[in-house]
Amino acid sequence: MNQFVPPEIDWAALSPVLIVLGIAVIGVLVEAFVPVRVRRATQVVLAVVGVGAALVAVAWRWVVVQADGPTALVAGALREDAPALLAQAILLVCAFVGLLVIADRSSGEDAFAPAAAAIPGSAYEAEARRAGLVQTEVFPLTMFAIGGMLVFPAAADLLTLFIALEVLSLPLYLLAGLARRRRLLSQEASLKYFLLGAFSSAFFLMGLALLYGYSGSVRFDAVATAVPATSGMDGMLLAGVLLVIVGLLFKVGAVPFHSWVPDVYQGAPTPVTGFMAACTKIAAFAALLRFFYVVAPGLQWDLTVVLWIIAILTMIVGTVLAVVQTDMKRMLAYSSVAHAGFVLLGVIALVPSGISSVLFYLLAYGLATVGAFGLLTLVRERDADGNVTGEALHLSQWAGLGRRHPVLAVCFTLFLISFAGIPLTGGFIGKFAVFGAAIEGGAWPLVVIAVLASAAAAFFYVRVIVLMFFTEPTGTDADPGTTVVRTEGLTAVAVVVCAVGTVILGVVPGPILDLAANATKFML
């Protein structure tokens, strides 16, 4: 009779994930037992300290892995190797600054509805607003999402990857519907994001089932081993791999799976949009890298045409549709679609430098994204009575902003030129690294298209810069129609960190590139 042998679990290696999920659980208990007057401050401190502690734990595990080598965790369900730890570190850095933006308040209000379950415009919602209710549940929800994201880069089997996918997605569905203003648009964004996630999960699960039927295992290495050893089932293998990749491409917003991404970005609370745009993309690309580089090398010729088409469409569609947008959040949303196409070049390359270049690109993109959306939360509309209302998101409302608020406009310009890939910014080094990896992998036609798309994308970034510094404001000098609000300062800290990081990655990228060079091989 076989006896069950429990797996040996290296709890120290799991410490970054355990810290974040532990803080999330404590945050739920805080909601139940901590008095209202100190609940928000408690949640903010817990979340920020938790993410910071997890980042320290990742740094410690990096030193251990560099000394002792990578290891398999939880009976092989997870892998602790250099690419996983570097992706987790990048994710935690972006999550830290994203949390600062989420936690910030202006005029005593945060970005979230006072009563999430209230019908928009109802008397109950108005009463909750007058009573000063605060949705502090956003902090444990964010921590649960970060916990799922941390598992994503390290997952070495499809079932673990699916569980992590659900853990990171479910809190984001809720967070997307919690905007304080434009409530119906926010709830629509939440529903659309839920439907996108449902499609993603359905494709992923079907792919998982087919790959299990093909190989008899859900482990990446077992599937990779079965590829050369199994004959007569190529159709099942290709269908399974493609469906899993499609499930992950939904999360990165690649064309044609991007349809509702701009709607979600536009309707969600702006701090949550910045968090999602940066961290979800980092986690999904890290998981896609591991799956593709472990399972797909034997299928390179079968997958090349499909992935090339997806990358080309993603770069072109994202760039073209961004040009015609008049809403700032939708413009940045389509910009993120185009960036997903650029990052795909490093994934498709299937060379060791592809892994390190993608991780560097994700760090540069994540910092610029959180910083840009953080600045969007500060520029507000003013009504006829001079009261500050919602965010000023129409492009015309940013006219002349550089004259009235030059520091904000300069920071926003820095993030835009990083998106555009202008030299001396992290975006330029990231694109250079990814394009170099693609050329090394033989995908030089994609690089030609990517360079042309980058040149075209510079138009809508430069358009905003010209609008801020060289265009007359739409209002009068006495009432320009927009204002920059004062906050508790957390957003300013986040923006400064993102701006400094963007400049450092562009001016002295050597240390980070050297660090990334150590993360060029997944543990099999």
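Yes/no matrix, rows are residues, columns are (1) outside any helix (DSSP H, G or I); (2) of a type in the set (S, T, N, Q); (3) surrounded by fewer than 24 Cβ atoms within 10 Å (Cβ to Cβ):
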residue	(1), (2), (3)
Gln300	no, yes, yes
Trp308	no, no, yes
Tyr334	no, no, no
Ala340	no, no, no
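Please work out if Phe470 is under 24 Å from Leu513 (Cβ atoms) and either touching a helix residue (DSSP H, G or I) at 6+ places or on another chain (Cβ under 9 Å) or free of Cβ contacts under 8 Å to residues at least 60 places away in the same chain (or both).
No: the conditions fail for Phe470.
Does at least one position in the range 114-134 carry a residue that is of a type in the set (A, V, I, L, M, F, W, C) and crowded, with 24+ Cβ neighbours inside 10 Å?
Checked against the condition, which is being of a type in the set (A, V, I, L, M, F, W, C) and crowded, with 24+ Cβ neighbours inside 10 Å, the range 114-134 yields no hits at all.
Need pairs with beta-carbon distance below 7 Å; first residue more than 13 Å from Gly253 (Cα to Cα) and within the range 311-328, second part of a loop (DSSP other than H, G, I, E, B) and at pLDDT 90 or above; sequence gap 6+ or separate chains.
Listed by first residue and then by second, the contacts come to nothing, as the list is empty.
Do any helices (runs of 4 or more DSSP H) lying entirely in the range 68-182 carry at least 2 residues that are modelled with pLDDT of 90 or more, and which ones are they?
82-103, 138-154, 158-176
On the basis of being part of a helix (DSSP H, G or I), buried (at least 21 other Cβ atoms within 10 Å of the Cβ) and in contact with a Phe, Trp or Tyr (Cβ under 9 Å, 6 or more places away or on another chain), does Ala57 make the cut?
no
Those residues that are within 16 Å of the chain's Cα centre (by Cα) and of a type in the set (S, T, N, Q), I need them from the range 292-351; list them, please.
Matches in the range 292-351: Ser335, Ser336.
Provide a single number: the residues in the range 37-54 that are buried (at least 21 other Cβ atoms within 10 Å of the Cβ) and either of a type outside the set (A, V, I, L, M, F, W, C) or more than 21 Å from the chain's Cα centre (by Cα) (or both).
Qualifying residue count, the range 37-54: 2.
Quick check: anything in the range 474-489 under 24 Å from the mean Cα position of the chain (by Cα) and surrounded by fewer than 14 Cβ atoms within 10 Å (Cβ to Cβ)?
yes
Considering only residues that are of a type in the set (Gly, Ala, Ser) and surrounded by 24 or more Cβ atoms within 10 Å (Cβ to Cβ), which ones fall in the range 346-366?
Those that are of a type in the set (Gly, Ala, Ser) and surrounded by 24 or more Cβ atoms within 10 Å (Cβ to Cβ): Gly346, Ala349, Gly354, Ser356, Ser357, Ala364, Gly366.
The values are calculated or read from the model by the stated rules, or taken from the named source; none is laboratory data. Note that the structure is a prediction, hence the values are computed from the model and not measured. Here the Cβ is made from the backbone with ideal geometry for all residues, glycine too, and neighbour counts use every protein chain on show.
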